[in-house]
Every structure is written in C-alpha cells, then in structure tokens.
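J.: The structure under discussion is supplied below as structure tokens; questions concerning it will follow.
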Amino acid sequence: MRRILVADDSPASRSLVASALSDVAGVEVARVSSGVEAIKLVATDSFDLVLTDVNMPDINGLELLRFIKTNERLSALPVLVISTDTAEAERLRALSLGADGYLAKPFTPDQLRAAIEQVFSSQ
C-alpha cells in the first residue's frame, strides 16, 4: 500500500486529488489543510509521497518542501508540488529546492496520476 499525503488549504482541491486517486489500487490518501499539519504528520507517520500546494496560509508548499528535503530522516521522501502558478520560474524554483515533480493547476485526474506514476517510477 502506497501512502500519499495531500497538503492543500482548499477543500475542493484535496477532494479532487483524493477522488482522482480513489480508483488507483494500492493507494491510500491522507489529507491536511496546512503546511504545519503536514510537517506534524510527516514527522510522525510514514508516507511514500507528499503532494503539496504552493499557496497555503501558514507554511507554504515550498517551505514544506524545504523542511522535508533538509531533514535527514525525510530527505528521500518524494514531493510533488502543485500550483496555480504556471510560470517556468516557479517550476524551476520548486525543482531547485528538491521537488520530484511540478504539476500546474488546473489538471485532469489523468495528468495527476501520470505525474505521480512518473515520481514513483523514477525512485
């Protein structure tokens, strides 16, 4: 069973991701609404992937990414950044911080599943 943590302050976005992954065998999705909640959960639980939105009110997705990638115990945890920002500079910034992928919103369920599969296949 692969466990995916979705960190997004938008209930609709969290639901969209969970719905898109609901028919994928062997995947369990946990959802949090903030970067702070995500940090608490990754520090105490085990996940195979974190999907994080960039724009969150407390700790944004790039700060969450930085926390994960600079933490010795968590640094190998793959992170897929999702954002409404389609600028190439934002994508490159996320990748330079260690993101394993970047997906611009809006995306289709097929695009999301493909991005996740790409992250898992590159491990």
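J.: Under 7 Å between Cβ atoms, which residue pairs at least 6 apart in sequence (or on different chains) link something in segment 1-25 that is farther than 24 Å from residue 36 by Cα and open to solvent by 60 Å² or more (accessible area, probe 1.4 Å) with a partner that is of a type outside the set (D, E, K, R) and modelled with pLDDT under 95?
T.: 1/26
J.: Something else: Within segment 46-68, restricting attention to residues that are of a type in the set (D, E, K, R) and within 23 Å of residue 113 (Cβ to Cβ), which residue is farthest from the chain's Cα centre (by Cα)? Spell out how you get there, then give the answer.
T.: Filtering segment 46-68 down to residues of a type in the set (D, E, K, R) leaves 48, 53, 58, 63, 66.
Filter once more, so that each one left must be within 23 Å of residue 113 (Cβ to Cβ): 48, 53.
Details: 48: 10, 53: 7 Å.
Applying the filter and picking the extreme gives 48.
J.: Hey, can you tell me all the residues within segment 1-44 that are among the basic types (Lys, Arg), within 25 Å of residue 70 (Cβ to Cβ) and in contact with a strand residue (DSSP E or B) (Cβ under 6 Å, 6 or more places away or on another chain)? If you could, list the steps in order and put the result at the bottom.
T.: Going through segment 1-44, the residues among the basic types (Lys, Arg) turn out to be 2-3, 14, 31, 40.
Those still in the list that are within 25 Å of residue 70 (Cβ to Cβ) too: 2-3, 31, 40.
Matches in segment 1-44: 2, 3, 31.
J.: For a quick check of your reading of the model, give me the residue pairs whose first member lies in segment 78-89 and is free of Cβ contacts under 8 Å to residues at least 40 places away in the same chain and among the hydrophobic types (A, V, I, L, M, F, W, C), whose second is assigned to a helix (DSSP H, G or I) and open to solvent by less than 10 Å² (accessible area, probe 1.4 Å), with beta-carbon atoms closer than 6 Å and at least 6 apart or on different chains.
T.: 79/65; 79/68; 80/119; 81/61; 81/94
J.: Related question: Which is within 13 Å of the chain's Cα centre (by Cα) and modelled with pLDDT of 90 or more, of 80, 92, 97, 74?
T.: 80
J.: How many residues, within segment 37-80, are of a type in the set (A, V, I, L, M, F, W, C) and touching a Lys or Arg at 6+ places or on another chain (Cβ under 8 Å)? Walk me through how you get there before you give the answer.
T.: Restricting attention to segment 37-80, the residues satisfying the condition of being of a type in the set (A, V, I, L, M, F, W, C) are 38-39, 41-43, 47, 49-51, 54, 56, 59, 62, 64-65, 67-68, 74, 76-77, 79-80.
Then keep just the ones that are touching a Lys or Arg at 6+ places or on another chain (Cβ under 8 Å); that gives 47, 49, 62, 79.
Looking only at that region, the number is 4.
The values are calculated or read from the model by the stated rules, or taken from the named source; none is laboratory data. Fair warning: this is a prediction, and the values are worked out from it, not measured in the lab. Heads up, the Cβs are rebuilt from the backbone with ideal geometry, glycines too, and the neighbour counts pull from every protein chain shown. Surface accessibility is based on the protein's heavy atoms, side chains included, excluding ligands, DNA and RNA. Shrake-Rupley method; radii C 1.70, N 1.55, O 1.52, S 1.80 Å.
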